[in-house]
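Everything below concerns the one structure shown next.
The values are calculated or read from the model by the stated rules, or taken from the named source; none is laboratory data. These figures come from a predicted structure and were not determined experimentally. Just so you know, the surface numbers come from the protein's heavy atoms only, side chains and all, with ligands and any DNA or RNA stripped out. Shrake-Rupley method; radii C 1.70, N 1.55, O 1.52, S 1.80 Å.
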Amino acid sequence: MSGRTTAEGVNTVYVCDGLRLIHENNGMIRRLKERQEKYANSVLNLEHKLSEFREQFDEQINQLVLRAPLTLKPKRGKADIDLDHDIPHSLPSPILPQQISNSQI
């Protein structure tokens, strides 16, 4: 043993299985950490995009409400068609049938 470290690579031979397992686990942990950071960045990006979308959506809704406000009309009652009502004066009088005799033809 000279105290020098060996270069890590494909041809690295480990003294025991424990060192090999430690090296493999460290590699997996490093890759998992990179994936986790990538996903965390993606989540932050999506949160930012979602907040921007919500702000734009709220702004569009506010502009629409200002442009065309909603006016609620009172509820109309049900029409009772069986009641006899006076004929409103705004309607024209009904057409009366004419009897035509043979002498008028």
Task: Kirkwood-Stokes translational diffusion coefficient of segment 25-86, alpha-carbon pairs, 20 °C, 1.002 mPa s, µm²/s - done: 121
Open item on the list: Heavy atoms of the protein only, probe of 1.4 Å, neighbouring chains included. What is the accessible area of Asp80 in Å², nearest 10?
Closed with: 80
